[in-house]
Each structure stands twice: as C-alpha cells, then as structure tokens.
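Below is one structure, written out as structure tokens; comments come after it.
The values are calculated or read from the model by the stated rules, or taken from the named source; none is laboratory data. Predicted model only: the values in this text are computed from it and were never measured. Positions of Cβ are backbone-derived with ideal geometry, glycine not excepted, and every protein chain shown enters the neighbour counts. Quick note on the areas: whole protein, heavy atoms, side chains included, nothing else; ligands and nucleic acids left out. Shrake-Rupley method; radii C 1.70, N 1.55, O 1.52, S 1.80 Å.
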Amino acid sequence: MASPAARAPRTAGRRRSPTAPPRAFLWTRRIFLTALTGFVLLPVYVMLSSSLKPLEDVSGAFRWLPSELTIRPYLDIWHTVPLARYFLNSLIVAGSATVCSVVVAVFAAYAVSRYRFRGKRIFTVTVLSTQMFPGILFLLPLFLIYVNIGNTTGVALYGSRGGLVLTYLTFSLPFSIWMLTGYFASVPRELDEAAYVDGCGPLGALFRVVVPAALPGIIAVAVYAFMTAWGEVLFASVMTNDTTRTLSVGLQGYATQNDVYWNQVMAASLVVSVPVVAGFLLLQRYLVAGLTAGAVK
C-alpha cells in the first residue's frame with residue numbers, strides 16, 4: 001500500500017490552477033462551439049448531398065440521406081450553361097481588379113503614411129467616407145457614365161470586362177488604401193532612412209524595405225479585393241452581357257421557365273467556391289495578421 005507521501009505528487013498533478021477558468025465555463029464553451037460548428041456545416045452538407053442526388057430526389061421532399069448517389073450533376077453543369085466561360089470571366093475580372101487595387105493602394109498608402117502634403121486629411125477622410133454609401137447608389141451613375149463614354153469616344157466600357165474591373169475598383173480601392181496606410185504606418189521610418197543611406201530612392205525604399213515588411217497587409221488587401229470581385233452580383237448583372245457574364249450571375253442560368261436544376265445549382269456553387277476557399281485557407285495567417293495590424297494603427 002502506497003504511503004500518503006507517495007500519493008501526494010499524483011494529487012498535486014491533478015490539482016487545478018487557481019487561474020484556470022471554471023468547469024462550467026469550459027463546458028459552456030464546448031457546447032456553444034459544437035452548436036456553432038453544426039450550424040455552419042449544416043448548409044454545406046445540404047449542398048453536398050443535394051449535388052449528389054438525381055433531379056427527381058432534389059425536387060421532392062428533402063431527405064437527409066440520399067437514396068441514390070450520382071456525380072452526373074458535376075458533369076452536366078458544364079453543358080447546361082457555359083460555366084467554363086463564366087469561370088474564365090470571373091477569374092479575369094477578379095484577378096485584374098485585385099492587381100490594380102493592390103498596385104494603386106501600395107503607392108497611395110505609402111504617400112499618405114510617409115509624406116506630408118496639402119489636403120492629406122481631406123484625402124483620407126474622403127477615401128474612408130466612400131465606404132458609408134451603399135453600392136446601389138453608384139449603379140445608375142456608373143451605368144450612365146459608361147454609356148456616354150461609349151457613345152462619345154467609342155470605348156466600350158458597358159458590357160466589357162474592363163468596365164466591370166473599374167466598377168469593382170470603386171469598392172475595393174478605398175478600403176485597400178485605408179488598410180495599407182495603417183500597415184505602412186506600423187513599419188518603422190528608420191528602415192526607410194537606412195535604405196536612403198544605402199543609396200535607395202523613395203521607390204527603392206518602398207519596394208526593397210517597406211513592401212517586404214508589409215507583405216501580410218498586402219496579402220490581406222489582395223484577398224479582400226479578390227473576394228469582393230468574385231462574389232459580386234448587383235453590378236455584374238447590369239454591367240455585363242452574355243459574353244462577359246461572370247459566375248455570380250451565370251448561376252441563374254440553371255433556373256429555366258420550366259424547371260430549376262437544383263442539383264446542378266448546388267454542384268456549381270460548390271465548384272465555384274473552391275478557388276476562394278482554397279486561397280483563403282492558404283493565406284489565412286497573412287489575412288489575420290494584416291487585418292489586425294491595419295486596424296490598430
């Protein structure tokens with residue numbers, strides 16, 4: 001039989017720390033997180049199960065367990081509507097809007113965070129105040145501007161990918177400038193001065209010192225700009241035609257006058273969400289770091 005002295009270390013090892021949270025709080029947190037996880041994953045399960053069902057099963061009463069599994073919807077989505085063309089349009093528009101937004105925001109944010117100039121405060125306030133207005137407020141003005149430019153100069157902005165890229169810049173660029181201004185402000189100015197001593201000019205200090213140090217913030221801005229352009233519906237439904245239509249609008253093609261191909265809608269929704277989800281998971285740590293640093297400066 002073990003002595004009390006021998007049992008003491010085991011008892012001490014199981015003793016709770018005075019700073020540990022109460023057990024009731026731990027169990028409440030577990031239950032809440034479990035319920036939240038189920039709430040988030042439930043729509044994904046419904047989409048996945050519906051995409052693997054025949055159209056007859058999806059059109060009838062919903063069943064949690066499919067009576068028959070088929071991958072036919074994932075093959076038919078490419079033929080019912082020109083999904084590949086919509087996918088290419090979305091990729092070109094979202095990629096171009098992301099690149100333009102990041103490039104312009106880097107130069108603008110560097111100037112705001114490093115230099116003093118007349119109208120600096122007015123510029124920053126104006127950039128930030130544009131986020132207060134709803135997007136639909138700019139729909140009619142942009143439509144009229146694009147149509148008038150096309151009639152006057154012959155440059156077709158309405159119904160083109162370039163016009164849609166310019167439209168998305170009006171939303172992503174102000175936020176990108178605001179975020180990168182805060183992130184560039186967190187980079188010590190001594191790094192710029194050290195670059196000047198080594199013979200770099202303002203552009204050399206920007207690209208050789210500031211940009212590498214602010215890479216998480218730039219990636220966060222790029223992810224935001226891409227996600228904004230990838231899933232936008234309102235302007236894409238008005239500013240595009242059959243040739244330049246994007247995925248967010250093209251998914252409406254699975255609903256015809258006679259029927260709605262729900263299994264193909266679910267399959268296509270899962271397919272088009274893969275690039276955004278994969279990119280978000282790969283760049284998640286940069287996104288969190290960039291948003292955190294940009295928000296506190």
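For residues that are within 13 Å of Phe175 (Cβ to Cβ) and without any contact (Cβ under 8 Å) to a residue 12 or more places away in the chain, scanning just the stretch 111-132, find the one that is surrounded by the most Cβ atoms within 10 Å (Cβ to Cβ). The extreme case among them is Ser129. Residues of the stretch 204-248 that are free of Cβ contacts under 8 Å to residues at least 24 places away in the same chain and crowded, with 16+ Cβ neighbours inside 10 Å: Ala205, Val209. Are any residues in the stretch 181-199 more than 17 Å from Val104 (Cα to Cα) and open to solvent by less than 30 Å² (accessible area, probe 1.4 Å), and if so, which ones? Result: Val187, Asp192, Ala195.
Every test in (1) within 19 Å of Arg161 (Cα to Cα); (2) touching a Leu at 6+ places or on another chain (Cβ under 8 Å); (3) not hydrophobic (A, V, I, L, M, F, W, C) is passed by Arg85 save one, and that test is (2). Being part of a helix (DSSP H, G or I) and modelled with pLDDT of 90 or more is true for just one of Leu26, Leu33. Which residue is that? Exactly one of Leu26, Leu33 is part of a helix (DSSP H, G or I) and modelled with pLDDT of 90 or more, namely Leu33. Within the stretch 250-283, the set of residues being at pLDDT 85 or above and aromatic (Phe, Trp, Tyr) comprises Tyr254, Tyr261, Trp262.
The set of residues in the stretch 85-117 being in a helix (DSSP H, G or I), charged (D, E, K, R) and modelled with pLDDT under 90 consists of Arg114 alone. Beta carbons closer than 7 Å, at least 6 apart along the sequence or on distinct chains, pair a first residue in the stretch 38-50 that is without any contact (Cβ under 8 Å) to a residue 40 or more places away in the chain with a second that is outside any helix (DSSP H, G or I) for Ser49/Pro66.
In the stretch 69-105, the residue that is nearest to the chain's Cα centre (by Cα) out of those that are within 23 Å of Thr170 (Cβ to Cβ) and open to solvent by less than 10 Å² (accessible area, probe 1.4 Å) is Ala94.
Within the stretch 40-54, being out of contact with any Pro (no Cβ under 8 Å at 6 or more places or on another chain) and surrounded by 11 or more Cβ atoms within 10 Å (Cβ to Cβ) holds for Leu41, Val44, Tyr45, Val46, Met47, Leu48, Ser50, Pro54. Within the stretch 135-175, the only residue that satisfies the criterion of being farther than 24 Å from Val99 by Cα and in a loop (DSSP other than H, G, I, E, B) is Gly154. Please determine, by comparing only the residues of the stretch 25-39 that are of a type in the set (Phe, Trp, Tyr) and surrounded by 10 or more Cβ atoms within 10 Å (Cβ to Cβ), which one is nearest to Val272 (Cα to Cα). Among them, the one singled out is Phe32.
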